[in-house]
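What follows is a set of notes on a single structure, which appears directly below.
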Amino acid sequence: MTVAAEVERIVSNIERVIIGKRDPIELVLIALLSGGHVLLQDVPGVGKTMLARALARSIGGEASRIQCTPDLLPADITGSSVIDQRPQESGGPPVRSLELRFVPGPIFANVVLVDELNRATPRTQAAFLEPLDEGQVTVDGHTHPLPQPFFLLATLNPTEHHGIYPLPEGELDRFVLSTTLGYPGFEDELQMLASHVARHPIEDLTPVLTPEEVGALGREVRMVHVSEAARRYALRLVVGSRTAPGVILGCSPRAGIALLRAAQARAAIEGRSFILPDDVKALATSVMAHRMIVRGDAGSPAGVVQTLLETVEVPLQVEVPRAHA
């Protein structure tokens, strides 16, 4: 089956739990297939945790949850080395050896929900940088690869202002995109209430793919053709974010890479083997806005990106090789 057909199966499965939120669900899957991670900035109770659980069940992967608090330590995330204790053959008490054994932390899962990331201290937040960027963890000088696919979904509550630690720009830059779920519409919420009367619908959710199949879809996404014109358009948007009026910090080169990889995933989901400028435009705000810092009198980062989309010239023609036509 094609990437589009497989993604539709996942979306339909998740929609049994998360009702009326197809667009943000597709954005999350775009991040997954592009090899990135997602930042969910939303109020409590709209389904962020359920989305992560439903995604993990849909791909047959292992899920874990990390609840961030000020007393959370890096070892609580990555795991730690402990003295190996082996039982005696005679059934006596365990015997300690001189070897250390690594005990993996909750970061070792296919889908990791990091709840309220900004409640963790800066030292603990730093423990997420290596997993986000390299898909591995280094403890006591030893590097341990994370399960593949590895997908981290972090949540922030934008209304909280006490007991939080702002995320540094370097950490925000490691999330391929940011999105929200928002409150459901009236009819969608009515349907949700009806579906929760007897039991939670996630209890009946079954896998539609395996982690290995998701990895294969990701490799197919990387084969989507990116033309020179599309690369130049994406780069003009990224460079424009650095020089736009009122911008204190614009997008890094990593943002340009993330924008094109996300555009590849969107094109594949749309059933195309090449990206169009429309793919870049549709994802620009989600990929770029959370990486930017603007002055108060300049409006919001999303507004700055929207202005760029209105002023940066869109290529009228995109070269598509015959093999991709």
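Before moving on, here are some points about what is shown:
- Within the stretch 204-304, GluC sites (Glu not before Pro) in DSSP loop having at most 14 other beta-carbon neighbours inside 10 Å: none
- Only one of [x] 21.3; [y] 19.7; [z] 22.8 was calculated from the structure for Kirkwood radius over Cα pairs in Å, and its label is [x].
- Computed from Cα atoms, the angle from the helix 48-58 axis to the main principal axis of the chain rounds to 80 degrees.
- On full extension, the segment bounded by residue 133 and residue 190 gains 16.5 nm, given 0.36 nm per residue less the C-alpha separation.
- Separation in nanometres of the label points that stand 7 Å from Cα toward Cβ, at residue 75 and residue 99: 2.1
- Between 0 and 90°, nearest 10: helix 253-269 axis offset from the chain longest Cα axis: 80
- In nm, spacing of pseudo-spin labels at residue 248 and residue 169 (7 Å Cα→C-beta vector): 0.9
- Ranking of 248, 30, 59 by count of other Cβ atoms within 10 Å, fewest first: 248, 59, 30
- The simple Förster model, with R0 at 41 Å and r as the Cβ-Cβ distance, assigns residue 206 and residue 295 a FRET efficiency of 0.25.
- Panel order for 144, 200, by other beta carbons found within 10 Å of each beta carbon, from fewest to most: 200, 144.
- Taking 7 Å steps out from each Cα toward its Cβ at residue 67 and residue 223 produces label points 4.5 nm apart.
- Between 0 and 90°, nearest 10: helix 211-222 axis offset from the chain longest Cα axis: 30
- Mean separation of Cα contacts under 8 Å (6+ apart) over length of the chain, as relative contact order %: 22
- 3J(HN,Hα) along the stretch 274-289, derived from phi through the Karplus expression 6.51 cos²θ - 1.76 cosθ + 1.60 where θ = phi - 60°, amounts to 8, 8, 10, x, 4, 5, 5, 4, 5, 9, 4, 5, 5, 8, 9, 4 Hz, with x in place of Gly and Pro.
Each value in this text was obtained by applying a stated rule to the coordinates, not by laboratory testing. Source: prediction; values computed, not measured. Virtual Cβ from ideal backbone geometry, glycine too; neighbours counted across all protein chains shown.
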